[in-house]
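Worksheet for the structure shown next.
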Amino acid sequence: MHKKVRDVMTREVASVNGSTPFKDVAEVLVRHGVSAVPVVDGEGHVIGVISEADLLRKEEFREQYYGEDYRPSLRSRLRRHIGGQGGSPEEKARGESAAELMTKPAITVRSYTSVVTAARQMSEHGVKRLPVVDDDGLLEGIVSRHDLLTMFVRTDDDIADEVRDDIVEGALWPYSPAVHVSVAGGVVTLRGQMATRGDARMIVRMTERVNGVVDVLDELGWREDDIPAGD
């Protein structure tokens, strides 16, 4: 029921190795229409990520080579103090290869990680995509914000089928729930009767966790109230 990164990630990934020159990295980004690519070693382990921002630092600090009184912009200096990854901007400005320019260590994710956790990682680290690696750190794919957003763009019929098949009929209830499922605009309405109030509460909570569900309207009844007063 909970979608994993493997369900939405892109498996064919553009990548570069540590020795890839600055110009070739830029060409890879332009050719594939992406803003960042993983940097891998000879065995395919992800050792960093190189982005447009990493490349632009070369231009951003180029003036530093032409005058001692040059000072980077406030934003650049703040980024240097709070970034803490992959060497100083000045060092990157001197870099000529992916290994010298990349941000490291790379923020990565596993294919079995939930899409919700992946989205939180992107938000926490301020990145738009995450390399997907296996347990040995080998590149398996990449997942982007766009990939994660597709999980919330689902048809009502698709959502209804999942709720019906995986929850109402497939949740191993000790009986067959008499529940009707309807969906409109991502809002799920549950009508019918469950054996207990606890079962009714559980089926609502399980439905709320289905990807793409905006809200759940609980119109369920029950035969036995098994929840203590105040709960």
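Worth pointing out:
- Label sites at residue 53 and residue 176, each approximated as a point 7 angstrom past Cα along Cα to Cβ, lie 5.6 nm apart.
- Close amide H contacts of residue 217 (hydrogens built in the peptide plane, cut-off under 5 Å, sequence separation of 5 or more or a different chain): 188, 189, 190.
- Amide H within-cut-off set for residue 141, under 5 Å, with H built and near neighbours excluded: 132
- Backbone HN-Hα couplings from phi across segment 179-190 [Karplus 6.51/-1.76/1.60, Hz, Gly and Pro as x]: 10, 9, 10, 9, 9, 9, x, x, 8, 9, 10, 10
- Estimated translational D of segment 86-208 in µm²/s (Stokes, Kirkwood radius over Cα pairs; 25 °C; 0.890 mPa s): 136
- Karplus-based coupling profile of segment 202-207, in residue order and whole Hz: 5, 5, 5, 5, 5, 5, with θ = phi - 60° in 6.51 cos²θ - 1.76 cosθ + 1.60 and x standing for Gly or Pro.
- What the phi angles of segment 28-35 give under the Karplus curve with 6.51, -1.76 and 1.60, with θ = phi - 60°, is a coupling list of 5, 4, 5, 4, 9, x, 10, 9 Hz, glycine and proline written as x.
- A protection proxy built from the mean count of other Cβ atoms within 10 Å ranks the segments 153-161, 8-16, most packed first, as 8-16, 153-161.
- In segment 156-224, the convex hull through the Cα atoms has an average projected area of 3.8 nm², a quarter of its surface area.
Laboratory data are not the source of any read-out in this text; all were calculated from the coordinates shown. As the structure is a prediction and not an experimental result, all values here were calculated from the model. Backbone-built Cβ (ideal geometry, glycine too); neighbour counts: all protein chains shown.
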